[in-house]
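Quick notes on the structure that follows.
What follows draws every value from the coordinates through simple rules; no lab data is involved. The structure presented is a predicted model; accordingly, all values stated were derived computationally and were not measured. Note: ideal-geometry Cβ built from the backbone for every residue, glycine included; neighbour counts use all protein chains shown.
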Amino acid sequence: EAGVVQSPRYKIIEKKQPVAFWCNPISGHNTLYWYRQNLGQGPELLIRYENEEAVDDSQLPKDRFSAERLKGVDSTLKIQPAELGDSAVYLCASSLYSRGLYEQYFGPGTRLTVT
Amino acid sequence: SQQGEEDPQALSIQEGENATMNCSYKTSINNLQWYRQNSGRGLVHLILIRSNEREKHSGRLRVTLDTSKKSSSLLITASRAADTASYFCATDAMNNNAGNMLTFGGGTRLMVKP
């Protein structure tokens, strides 16, 4: 079974440029998460989807970040315009409800460098 | 904000030794999970312990949970060089009615020297 797929793996852009990340979750997983992980820190949730619906986006900086999950499968996360402080690894995860619990499966992440 | 705090932040041991990492958290939880992250990779789920459990084993991993102290520990026995990675605890808060909403700690960076 394929895991969570993310692309690109690496992205270097200049500040004020737009950037987009793509995630394909594990087949059948209804819940999808986007996390940001700064260097040396743990992941922090940006947004969570249940199917097509964004059910928790309280940590998403909405002035420059946007996300969508069309048809409840793939998702894209966009930053426009990017700032130096956006340099981080952006992780996508998906989960399936099993035995009363959700187990999250993570993709390899996209490492963003803003110069 | 990060609820869990791991201790130590970094740990260096020799192959064959045991490694112990601790995690403290602030709010009541449904469960606590440990993840491993190799350099440049995503996180891999290791083990989950529910709030009504005190100890759990999985292979060379042993996790304990003390809800009265709001703390957990992860023990890796007979460590191997391949165990070198960052280890994160993540908590699923008790007042979370929305499923698995995890809050991660800052991680412990483990280095196992051959």
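Overview of results
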quantity: Condition met for residue B:83 (buried (at least 20 other Cβ atoms within 10 Å of the Cβ), among the charged types (D, E, K, R) and touching a residue at least 60 places away in the same chain (Cβ under 8 Å)); calculated: no
quantity: Those strands (runs of 3 or more DSSP E) lying entirely in segment A:54-115 with at least 1 residues facing chain B (nearest Cβ under 10 Å); calculated: A:88-98, A:101-106, A:110-114
quantity: Any hit, segment A:22-35, residues being assigned to a strand (DSSP E or B), surrounded by fewer than 17 Cβ atoms within 10 Å (Cβ to Cβ) and out of contact with any Leu (no Cβ under 9 Å at 6 or more places or on another chain); calculated: no
quantity: Elements of type strands (runs of 3 or more DSSP E) in segment B:33-114, at least 1 residues being of a type in the set (Gly, Ala, Ser); calculated: B:55-58, B:71-76, B:85-93
quantity: Subset of segment B:16-31 [more than 14 Å from residue B:83 (Cα to Cα), part of a strand (DSSP E or B) and more than 12 Å from chain A (Cβ to nearest Cβ)]; calculated: B:22, B:24, B:29
quantity: Pairs where the first residue, in segment B:30-46, is under 14 Å from residue A:4 (Cβ atoms) and the second is of a type in the set (D, E, K, R), C-beta under 8 Å, 6+ apart; calculated: B:43/B:36; B:44/B:36; B:45/A:103
